[in-house]
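The values are calculated or read from the model by the stated rules, or taken from the named source; none is laboratory data. Note that this is a predicted model, so its numbers are computed, not measured. FYI the Cβ positions are ideal-geometry reconstructions off the backbone, even for glycines, and counts take in every protein chain you see.
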Amino acid sequence: MKNKVDGYKELICIIDDYKLGDMQFAKRAAEKHVFVDEFRDKYHIVVNAEHLSIDNGFWINVPVRLGNMYIGLFGEKYNRDVLNNTQDTDEEILLTIQFHTGAFVFGEDYPTEFFEKFYAEIKTYKPKYCDDLNKSMYFSMENAANIFEDYRGICDKYIKENRNDLLQRRAEQLRKEATQIEEKLANEITKQD
């Protein structure tokens, strides 16, 4: 009994065998589905073929709530390097989690301490490379399935925690502003006397 992936592989062969140039879009779509299936079997990570680019190696954009997550081939051949890495990266597949805006992912007040707690928890999953300056982590595929599976839960936990923390930060800011206004008012009253 054939499965869906076998059907995609057969379609690719038919397009190649009959040199059906006008069917390249179908071949490309079939190749993506085959790739995603093989990727799942090999790395135990389920991704959507719609988020896959198979140009210049491959690149998967994984939609997440906080930051950016990608899986792709890194190395000079693919013109993709690990940022601020002092080690040479061979051609390798890495799962990348990046926070280019740093603590802004949790609010415009840039809660650095809260973000660092979140970032430190992700680091416990042992990235192969870590670029703390640009807030980017790169996980080897041997280590990627765990963070891939747990990342959404970690994000949900910190988003929920941030709601309360954000209210506390806002309340503290309002208290500071109220104190400053009271001090200005007291200064104005003193000047008038």
Could you check segment 107-143 and list, in sequence order, the residues that are surrounded by fewer than 16 Cβ atoms within 10 Å (Cβ to Cβ) and charged (D, E, K, R)?
GLU108, ASP109, GLU113, GLU116, LYS117, GLU121, LYS123, LYS126, ASP132, GLU142
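Residues that are among the hydroxyl-bearing types (Ser, Thr, Tyr), part of a helix (DSSP H, G or I) and within 29 Å of PHE39 (Cβ to Cβ): does segment 137-148 have at least one?
To start, the set of residues in segment 137-148 that are among the hydroxyl-bearing types (Ser, Thr, Tyr) comprises 138, 140.
With part of a helix (DSSP H, G or I) added as a condition, the list becomes none.
No; the residues of segment 137-148 include none that is among the hydroxyl-bearing types (Ser, Thr, Tyr), part of a helix (DSSP H, G or I) and within 29 Å of PHE39 (Cβ to Cβ).
Could you tell me which of the residues PHE58, PHE25 is crowded, with 16+ Cβ neighbours inside 10 Å and of a type outside the set (Val, Ile, Thr)?
On the way: PHE25 fails: crowded, with 16+ Cβ neighbours inside 10 Å.
Criteria check complete, one pass: PHE58.
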Would you confirm whether any residue within segment 167-179 is assigned to a helix (DSSP H, G or I), without any contact (Cβ under 8 Å) to a residue 12 or more places away in the chain and within 27 Å of the chain's Cα centre (by Cα)?
yes
Here are some conditions: (1) touching a His at 6+ places or on another chain (Cβ under 8 Å); (2) within 23 Å of PHE39 (Cβ to Cβ). ARG65 meets all but one. Which one does it not meet?
(1)
Could you say whether any residue in segment 53-76 is in the same structural domain as PHE104 (by TED's automatic domain parsing), free of Cβ contacts under 8 Å to residues at least 40 places away in the same chain and assigned to a helix (DSSP H, G or I)?
yes
Whether any residue in segment 22-45 is within 30 Å of PHE104 (Cα to Cα) and either within 21 Å of the chain's Cα centre (by Cα) or not assigned by TED's automatic domain parsing to the domain that holds LYS128 (or both) is what I want to check.
yes
May I ask you to verify whether PHE118 is assigned to a helix (DSSP H, G or I) and within 14 Å of the chain's Cα centre (by Cα)?
yes
Meets criteria (without any contact (Cβ under 8 Å) to a residue 24 or more places away in the chain and surrounded by 21 or more Cβ atoms within 10 Å (Cβ to Cβ)) for PHE104:
no
